[in-house]
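**Student:** Just passing along the structure, written as structure tokens.
Every number in this text was worked out from the coordinates using simple rules, so none of it is lab data. For clarity, every value in this text was computed on a predicted model and none was experimentally measured. Heads up, the Cβs are rebuilt from the backbone with ideal geometry, glycines too, and the neighbour counts pull from every protein chain shown.
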Amino acid sequence: MAGPGIGKSALTDAITERLSAEMIIVQIHGSSSLASVPFGVLAPYTAELTAEDSVSPVAVLRSVWSYFEKLKAGKDTPLLLMMDDAHHLDEATASIVADMISAGWASVIAAGRPRPGLPQPLAQLWYDGLADRVDLRPMNREQIEEVLTHALDGTVPSGTIDTIWSASGGNPRILDALLHDAAERGQLAKRNGIWMLVGPLQADGPKVTAVVVKDMLRRTPEEQEALKLIALAGPVSRKVIEDISGAEVVRSLLDQQMVVEGSGTPADLRMWNAVFGDALRASISVSRSLQLLVKIRDQLAGAPAGSEGRMRAVEWALECGLKTPDPELLEAAGTALAHFSNRSSRTMAAKVLDADLVPQADAVQARALFNEGDFAGAARILDGCWLQLGDGAGAAPALMLRAMAHQALGTPLAVFAAEFREIIKGAGAAAAPPANGSPDAPETLPDSQKTPESPARSWQDHLVYLLELGEAGNHEALEIEVRDLRSRNPGSAPDDALHAVGLALLAHSLAAAGRAVQGLDA
């Protein structure tokens, strides 16, 4: 028993190949289209029956057994029934198979999904102790590592393993398609004997697309439309999809484990695998996508949605070429950034045109570029927007990111700080002297000890000063600064950021000085 793509069919094929020399193997494939037809999948073995006898359990059993006897041709070779997609068997066929097992006429291996599960006659065999149940589960990280090590000739670093494991969800079918497409596109490349992911895994490759197309062809038109709506809008309220496609269709997709239901209230639906959902979205034409958006838009407007749902709504609108208000674009870009959907985040942030929101959108783009390893691009954008952010909630993170981007490019912190102080001096903000621990650095008092004649230090300069103290390992000065920051009440957004940075640097400096316990307490 296992969900879609876990390897049921591959396992039954391997067993068939292994035992074909020792047993007579008869393969039976369940089908959703025949699930309501009595003895439908047994039609190849009952062709000689009359219309009246074709629905008689006794006549069908006799006909099937006669067929098996012809296969055995008088030999005492054991018989094995290999049933794939057994969850689609009709009750009448399941009863015939159960009778064969109980009578000892044949051995049976049945592969199916836990939802909706096997028909009652087959499930009863397990309850009665006449059958064993084996549950196949998605591969864990160690198993993914074993597969990659076996399939790839070379070293596979942990980062590559983690990314592939996360994208595939441990699903062998998705894993195989992802590896094939990544290798074909050069995204998975061997460098000096080490397999590296040199780009993000894409969901629109030919192998992944083929997996999606093959799966969709097996579904009813109603199920296909519901899956497309969930892939395009998800996470989306279950009630919205039920209102459009019907509760029975939603229940069927849940039973087939094609979609999963969230635990919140109201419940939402999303695709069982993110890569599968992305590939399904990519296979839908823009015109069809727009038709579906028009069909669901009114229901979406009246249904509560979390930040991820709002993000997906914005992405969908952009995919269809529809205009979206700048505040919604900015919020969606931030949500995408939090989910490390860097490309989507950059796309949405780049479309923000409101002059008051552009600096925030630029900061989002810079963070996405930084996440992708484009430190030069991130630094270039931040150099132009960090001062424009003023004292807003995103200002301190942007300045921190700017310092990190320049350091990643090889700029020493001392050089960055000197250039920074020239900039804020030109902007009219007061600059503090270099931090204690730097060459020829004078003593610097915390803000709480400054006299009225002392120049007020800007929060930007204070942040860089904390970074300098951290680099110098000056935990004594950091303790003073943290105490001073803690005493400010109420704290502004920059003060809160300074406090958090100061505490983190203090903990690191104490740990580096061999005072790990005090660092943990900090």
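**Student:** Suppose we take every Cα in segment 255-305 and form the convex hull; what volume per residue is that in Å³?
**Tutor:** 104
**Student:** Can you check what the net charge comes to around R310, using other residues whose Cβ is under 11 Å from the Cβ of R310 (Lys, Arg +1; Asp, Glu -1)?
**Tutor:** Charge balance in the 11 Å sphere: -3.
**Student:** Rank the residues W105, W195, W386 as a footprinting-exposure proxy: fewest other Cβ atoms within 10 Å of their Cβ go first.
**Tutor:** In order of increasing Cβ crowding within 10 Å: W105, W195, W386.
**Student:** Would you mind getting me the FRET efficiency between Q120 and E142? Use the beta-carbon distance for r and R0 = 25 Å, nearest 0.05.
**Tutor:** Result of the calculation: an efficiency of 0.10.
**Student:** So, one more: For segment 135-236, just the Cα set please: Rg and Dmax, both in angstrom.
**Tutor:** Answer for segment 135-236, Rg first and Dmax second: 15.4, 50 Å.
**Student:** If you wrap a convex hull around the Cα atoms of segment 8-128, how much volume per residue is inside, in Å³?
**Tutor:** 106
**Student:** Given the Cα-Cα distance of E17 and S158 and 0.36 nm per residue of separation, how much length would full extension add, in nm?
**Tutor:** Roughly 47.3 nm would be gained on extension.
**Student:** For S289, S158, which order do you get if you count the other beta carbons within 10 Å of each Cβ and list the fewest first?
**Tutor:** Going from least to most buried by this count: S158, S289.
**Student:** About the Cα centre of the chain, what is the dipole size in debye to 20, counting +1 per Lys and Arg Cβ and -1 per Asp and Glu Cβ, all else neutral?
**Tutor:** About 700 debye.
**Student:** Semi-axes of the equivalent ellipsoid for segment 177-313, please: Cα gyration tensor eigenvalues, times 5, square-rooted, ordered largest first, whole Å.
**Tutor:** 30, 16, 14
**Student:** May I ask which of K323/K351; K214/K295; K8/K214; K228/K323 have a Cα-Cα span longer than 19 Å here?
**Tutor:** Cα-Cα > 19 Å for K214/K295; K228/K323; rest within.
**Student:** Once the mean 1/r over all distinct Cα pairs of segment 459-521 is inverted, what Kirkwood radius in angstroms do you read off?
**Tutor:** The answer is 11.5 Å.
**Student:** What is the spin-label model distance, in nm, from S487 to D255 if the labels are put 7 Å beyond Cα along the C-beta direction?
**Tutor:** 7.0
**Student:** Compute the distance from the alpha-carbon center of segment 346-413 to that of segment 303-336, in whole Å.
**Tutor:** 21
**Student:** Here's something else I'd like to know. Sorting L357, L232 on the 10 Å Cβ count, fewest up front, what's the list?
**Tutor:** Lowest to highest Cβ neighbour count: L357, L232.
**Student:** Quick check on the chain: of the DSSP beta bridges with both residues there, what percent are antiparallel, nearest 5%?
**Tutor:** 45
**Student:** Oh, and also: Would you mind pulling out the separation of the Cα centroids of segment 230-301 and segment 68-130, in Å?
**Tutor:** 35
**Student:** Could you give the alpha-carbon Rg of the chain over 2.2 N^0.38 Å, rounded to two decimals?
**Tutor:** So the chain has a normalised radius of gyration of 1.33.
**Student:** Mind checking the alpha-carbon convex hull of segment 300-361 and giving the volume per residue in Å³?
**Tutor:** Expressed per residue, the convex hull around the Cα atoms of segment 300-361 is 80 Å³.
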